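Here is the structure we will look at.
Rule-based calculations on the coordinates, nothing more; no lab input. Computed from a predicted structure; not experimentally measured. As a convention, Cβ positions derive from the backbone with ideal geometry for all residues, glycine included, and neighbour counts pool all protein chains shown.
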Amino acid sequence: MPDVSSLIIHSNDKFLVVNKPGGMLSQKSRDAKELDLTSLLNDHFGKPLHILTRLDRPVSGLTLFASDTHFNKHFLNLQLNKKVEKKYLALVEGILDIDRSESHYGFHDKRAARCRIKNQASAGDKEMTAHFKTLLQLDRYTLIQVTIHSGRFHQIRAQLSHLGHPVKCDLKYGAKRRSGESFIFLHALRLSMKDENEDTLNYTAALPKNIHLWDLVADTLKLPIHGGI
């Protein structure tokens with residue numbers, strides 16, 4: 001059994017903040033034998049938790065769970081009013097110099113299990129907006145900070161691919177090569193929100209450890225790193 005406690009960033013009687021490893025499912029899939037974060041935490045705490053910020057399997061980083069129904073409703077209300085800020089780090093292919101918001105329209109293609117992006121909306125499409133800011137340029141890759149206030153299915157991965165710069169190792173959205181592992185270079189770094197007393201809460205999920213490019217990013221930007229499980 002993995003050391004689940006090593007993944008916990010913050011815990012109280014209302015919610016739980018966890019650093020999900022890349023490659024791990026957030027919730028149980030059809031294959032009941034496969035490891036998933038929610039089941040691990042339910043077993044660890046001996047009670048059911050409700051996932052509030054689900055990450056795609058290959059994405060690492062900050063994941064929020066509610067252990068209290070009142071907080072669950074509170075967080076959903078914050079999201080509806082765009083009062084939750086999420087920051088991601090994405091290492092993308094190619095050199096990109098950007099500091100602007102991008103809005104697109106898209107839909108969840110369930111048959112292909114991917115998001116289809118459009119510049120103009122048609123019936124059933126959802127608008128998706130994110131702010132992209134270049135933090136660091138390497139020889140063949142660019143580190144982008146992505147800020148969103150709500151999220152759509154595969155939104156960041158799809159938008160970056162649409163901009164011509166897919167996330168490194170994200171073959172589904174056009175990356176040239178995979179890592180040999182089950183993760184991509186997209187990490188949910190920070191979450192900011194207000195609690196039920198209107199106090200601002202900020203949480204940070206350390207970068208995965210012993211992955212060369214993430215180690216380089218962490219060293220350059222003075223970010224924490226985390227061993228995971």
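For this structure, a couple of remarks:
- For the residue pairs Lys86/Lys194; Lys28/Lys118; Lys82/Lys133, the C-alpha atoms sit more than 22 angstrom apart in Lys28/Lys118.
- Net charge of Cβ neighbours under 15 Å - reference His104; Lys, Arg +1; Asp, Glu -1: +3
- Between Lys110 and Glu198, the C-beta separation translates, for a Förster distance of 35 Å, into a calculated FRET efficiency of about 0.35.
- Screening the chain for DSSP H helices whose Cα atoms reach 15 Å or more along their own axis and whose mean Kyte hydropathy is at least -0.5 gives 69-80.
- Computed label-point distance, nm, for sites Gln120 and Ser6 using a 7 Å Cα→Cβ extension: 5.3 nm
- Between Arg100 and Thr69, the simple label model (points 7 Å from Cα in the Cβ direction) yields a spacing of 4.8 nm.
- Size of the chain as Cα extents on the principal axes (Å, biggest first): 45, 43, 38
- Region 34-91 and region 103-145: distance between their alpha carbon centers, rounded to Å: 21 Å
- By average C-beta atoms within 10 angstrom, highest first, the peptides 150-156, 74-80, 56-62: 56-62, 150-156, 74-80
- Label separation (His149 vs Leu136): 2.9 nm, computed from points 7 Å beyond Cα along the C-beta direction.
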